[in-house]
Amino acid sequence: MKNIYILVILAIILFSCEKEKQNSEQGVSNVIDNEVKECVLATEPSVYSNYFNNDSYLAGYSSVKQNSLSDEELVPIFVEQENGLKSTKQIAFTANNHDVLAGVSNLKSAPITKGHDLFNSWYGQDVKFILSSNSKLKSASSVDTVAIEMYVPELVEILSPPIETAQELYPYCYYDNFILKWNADINNENGLVVIVEWLGTVLSEDEDEATYVRNIDVIKEDDGEVVLNSKLFDNIPNKALAYVTLLRGNIEIAELDSTSYRVFGESHAILPMVLVKEINN
């Protein structure tokens, strides 16, 4: 596994259900049954590789914006170890005094819409995480409590291609020299992750394919604009209904009672689009 494997697990958790719903309405085959073709373009180590340390728990908040006109939704996430091991203790987890977990498997999973004060106390802030091995949090001085602090980047938002009406939700975008713009965060030192997905749908006379393509790259500088690597669109045909996902976040590993926990804060925005690879004069 390459070091740069990143936030794909969160993307799948958060919006695969929504895409499955859309596909069902469009008569598209279930992506779970499709052949998966994945390519990771970036090769340098990144903080995001910590998301794929499957020997530890994953806990935190993730915000998703399904398209440029949709509302932000903040979702608490807790993923247990891949090997199925479960903690024998009650674990309480909080961030900036907002309870996230009350027990390892009792996740408060209801989405939080924008306007909740958690958005203001979470994104663009230095966030203090506290984990306690009791069901109720104690002070950070307690022997069964650990606290860490990290910067959670601003909510990410795709600004270009610009979309202002429902009729513009699926813009036609040419793959070569594709310019993606977003709201920059000068305090974010982790860069961003960009994912291009195709679930098999094409807007042409050709039939849909039983294929799931996922290409991944890392944007090193959070300066608000980049020309995407054209290889992000490999294995995706002309007039394909594709999804560009831009992700930004931070993650730290905490140790409590000889157990590792990956605590994180991240946001991602999605651009549904029609991919253009051939231009007929």
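Summary of computed values
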| item | result |
| --- | --- |
| Amide H contacts under 5 Å for Phe178, placed H, 5+ residues apart | Leu228 |
| Lys231-Gln167 pseudo-label distance in nm [points 7 Å out on the Cα-to-Cβ vector] | 4.0 |
| For peptides 219-225, 267-273, sequence by mean Cβ density within 10 Å, most packed first | 267-273, 219-225 |
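Values in this text are rule-based calculations from the coordinates and carry no lab data. As the structure is a computational prediction, the values presented were derived from the model and not from experiment. A quick note on method: Cβ atoms are made from the backbone with ideal geometry, for glycine too, and the neighbour counts reach across all protein chains shown.
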